[in-house]
Amino acid sequence: MKLYKLHTKQNVPISKEEAWEFLSAPQNLKIITPDYMGFNILSGVEKPMYPGQIIEYIVTPILGIKTKWVTEITHVKDLEYFVDEQRFGPYSLWHHKHFIKEIDGGVEMEDIVHYKLPMGFLGQLAHPILVKPKLDEIFEYRRNKLIELFGEIQ
């Protein structure tokens with residue numbers, strides 16, 4: 001099975017505390033996810049983020065097919081980073097690291113996602129046609145939504 005990587009960085013003119021408050025609140029994921037994804041949190045956001053937290057979602061990633069996605073917050077270093085990993089869902093592996101770093105005029109937000117697709121060779125065939133373009137579109141939406149909410153550093 002092939003391991004894929006998605007890596008994005010974005011600079012926004014807010015404090016580290018503001019960035020952390022927004023990004024570490026799982027309910028804000030709905031704000032930065034395209035509406036067509038039908039993103040709906042079912043449980044797990046009653047407390048502030050902590051290692052071991054299980055969050056259940058329903059998403060509609062492609063073709064109107066609703067999918068349950070369960071993630072676990074596995075690592076948290078306050079104001080610096082957190083990691084979420086899929087426990088059940090559409091991927092064979094989903095490991096997403098979120099980093100926040102102070103820079104001149106704001107913060108750099110960095111996402112590093114490692115993922116594997118199910119269905120072996122068929123999954124690999126679907127990657128460049130369906131999966132990668134969809135992930136790029138979702139992260140571009142996220143980028144634009146964060147600019148809309150907080151602005152950007154030129």
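A few notes on this one:
- Cα-based helix-to-principal-axis angle, 132-150 vs the chain, degrees rounded to 10: 20
- Most fluctuating residue given options Phe22, Phe99, Phe121, as computed from a GNM of the chain linking Cα atoms under 10 Å: Phe121
- Residue by residue, segment 40-46 carries 3J(HN,Hα) couplings of 9, 7, 8, 6, x, 10, 6 Hz when phi is fed to the Karplus relation 6.51 cos²θ - 1.76 cosθ + 1.60 (θ = phi - 60°); x denotes Gly or Pro.
- Under Karplus coefficients 6.51, -1.76 and 1.60, residue-wise ³J(HN,Hα) of segment 13-20 in Hz, glycine/proline x: x, 10, 6, 4, 5, 5, 4, 4
- For segment 1-30 and segment 60-122, distance of Cα centres in Å: 9
- Proximity of backbone amide H atoms, modeled 1.01 Å from N, is registered between Ile14 and Val107 at under 5 Å, excluding neighbours fewer than 5 places apart on the same chain.
- Listed cross-link partners Lys30/Lys68; Lys66/Lys97; Lys9/Lys66 are compared with a 22 Å cut-off, the Cα-Cα value being larger for Lys66/Lys97; Lys9/Lys66.
- Rounded FRET efficiency, nearest 0.05, which uses the C-beta distance separating Glu85 from Thr60 and R0 of 25 Å: 0.70
- Label corresponding to P(r) over Cα pairs in 5 Å bins from 0, in percent when calculated from the structure given, among [x] 1, 7, 14, 14, 12, 11, 11, 11, 9, 6, 2, 0, 0; [y] 2, 9, 17, 23, 21, 16, 8, 3, 1, 0; [z] 2, 8, 16, 18, 16, 13, 12, 9, 5, 1, 0: [y]
- Surface analysis of the chain yields an accessible area of 56 Å² per residue, using protein heavy atoms and a 1.4 Å probe.
- Distant-in-sequence amide contacts of Ser92, defined by a placed amide H-H separation under 5 Å and a gap of 5 or more residues or a different chain, comprise Lys116, Leu117.
- The chain, dipole about Cα centre (Lys/Arg Cβ +1, Asp/Glu Cβ -1), debye to the nearest 20: 760
- Spin-label pair Lys16/Leu93, simplified geometry with 7 Å Cα→Cβ offset, distance in nm: 3.1
- Under-5 Å amide H pairs with Gly38, H placed in peptide plane, nonlocal only: Thr60
- Listed values for segment 62-79 are Karplus-derived 3J(HN,Hα) couplings in whole Hz (6.51 cos²θ - 1.76 cosθ + 1.60, θ = phi - 60°), namely 8, 6, x, 8, 6, 9, 7, 10, 10, 10, 10, 7, 9, 9, 9, 10, 3, 6, and x replaces Gly and Pro.
- When only Cα pairs below 8 angstrom with a gap of at least 6 residues are kept, the chain shows a relative contact order of 29 percent.
- For segment 18-74, applying the loop criterion from DSSP together with a ceiling of 13 other beta carbons within 10 Å to the GluC sites (Glu not before Pro) yields Glu46.
- For Val70 and Glu140, the FRET efficiency from 1/(1 + (r/R0)^6), where r spans their Cβ atoms and R0 equals 30 Å, is about 0.75.
- Springs between Cα atoms under 10 Å define the GNM used for the chain, and in it the highest mean-square fluctuation of Asp78, Asp104, Asp136 occurs at Asp104.
- Estimated inter-spin distance, Ile153 and Leu122, nm [label 7 Å along Cα→Cβ]: 4.6
- Taking the protein heavy atoms of the chain in the context of the full set of protein chains, the accessible area attributed to carbon and sulfur is 56 percent at 1.4 Å.
The values are calculated or read from the model by the stated rules, or taken from the named source; none is laboratory data. Keep in mind it's a predicted model, so treat the numbers as computed, not measured. As a convention, Cβ positions derive from the backbone with ideal geometry for all residues, glycine included, and neighbour counts pool all protein chains shown. What goes into the accessible areas is simple: the full protein's heavy atoms, side chains included, and nothing from ligands, DNA or RNA. Shrake-Rupley method; radii C 1.70, N 1.55, O 1.52, S 1.80 Å.
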